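The values are calculated or read from the model by the stated rules, or taken from the named source; none is laboratory data. Values in this document were obtained by computation on a predicted structure and should not be read as measured data. Cβ: placed from backbone, ideal geometry, glycine included. Neighbour counts: every protein chain shown.
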């Protein structure tokens, strides 16, 4: 049995990791760390875990925990891990981090967009970006995995095959993406109250959202050159889900079958990415509660643009279940173990 600890276990993503690992036949959860709820029974915080998890929330440091577990999931805000993680900890256990601390390789770009000084830049080059379908071979042997977030996972995977095949003009990609409210986390914020969010939709972080450089970096690796994208996130009144609609100029004249072949080349054998039938648009309700991502595209004959679409569950493929998918790859388990959930409907 692999022994696991979860730091940030009472946030939405941390709680989802705890739920998934509870159903994983090869994992024992040893520590559920939460400074806010230290000493409380975990099942008193999350009633869905009553008689399923019999543990108290603990306030224990990463360093203390590292010697007694095989893996630590850190579902924590930006800044926590990069001020806490040491090479000594990595000698003792493997880390799967759900923050952005180790996602961006250029420390200057990280500090500019996140507004904080990076305290462990020496570990950036060791970290592997945990987009499973893209970096599977690198993920297998890493000690430090930077798990992508929801907007980035959806935005990157929606365009990845066409970027990889140079079927999109450089710098032409415009991404509009919508997120459910759980993507903002469990902390109390006036902007996320029911009366503030219900019956409304809004764009935010326009031209300044900090996931922009992450998307650009990863799609730049696919394209083979640095590039820019226009990324605009939107908040919509639903619990879960990410929907990305992306517009790009094609680099040539392509038929439907040629573009479909590019998606099939990269995703045809992937269990968790579904390339939909022609003219079927992805919907968040058909991936909710699962690790699946649905993608598709349309060719606009009138404008000449390509319309690319992707949908996933922001707490699953956009956070927790992708973290467990990466965990499975890292420890040599069946990639689907513990996360092969059928999307729930309704």
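Quick notes on this structure:
- Test: residue in the range 180-196 that is surrounded by 15 or more Cβ atoms within 10 Å (Cβ to Cβ), assigned to a strand (DSSP E or B) and in the same structural domain as residue 264 (by TED's automatic domain parsing): no
- As for the range 104-127, it holds no residue that is surrounded by 20 or more Cβ atoms within 10 Å (Cβ to Cβ), at pLDDT 95 or above, in contact with a strand residue (DSSP E or B) (Cβ under 7 Å, 6 or more places away or on another chain) and closer than 30 Å to residue 249 by Cβ.
- Pair list, Cβ under 7 Å, 6 or more apart: the range 49-62 residue assigned by TED's automatic domain parsing to the domain that holds residue 95, other residue exposed (fewer than 15 other Cβ atoms within 10 Å of the Cβ) and not in a loop (DSSP other than H, G, I, E, B): 52/22; 53/22
- Verdict on residue 274 being in a strand (DSSP E or B), surrounded by fewer than 23 Cβ atoms within 10 Å (Cβ to Cβ), without any contact (Cβ under 8 Å) to a residue 24 or more places away in the chain and assigned by TED's automatic domain parsing to the domain that holds residue 177: yes
- Among the residues making up the range 60-87, those that are surrounded by fewer than 20 Cβ atoms within 10 Å (Cβ to Cβ), out of contact with any helix residue (DSSP H, G or I) (no Cβ under 8 Å at 6 or more places or on another chain) and not in a loop (DSSP other than H, G, I, E, B) are 64, 83.
- Flag if residue 311 is assigned to a strand (DSSP E or B) and in contact with a helix residue (DSSP H, G or I) (Cβ under 8 Å, 6 or more places away or on another chain): yes
- Against the conditions (1) farther than 22 Å from residue 307 by Cα; (2) assigned to a loop (DSSP other than H, G, I, E, B), residue 207 satisfies every one except (1).
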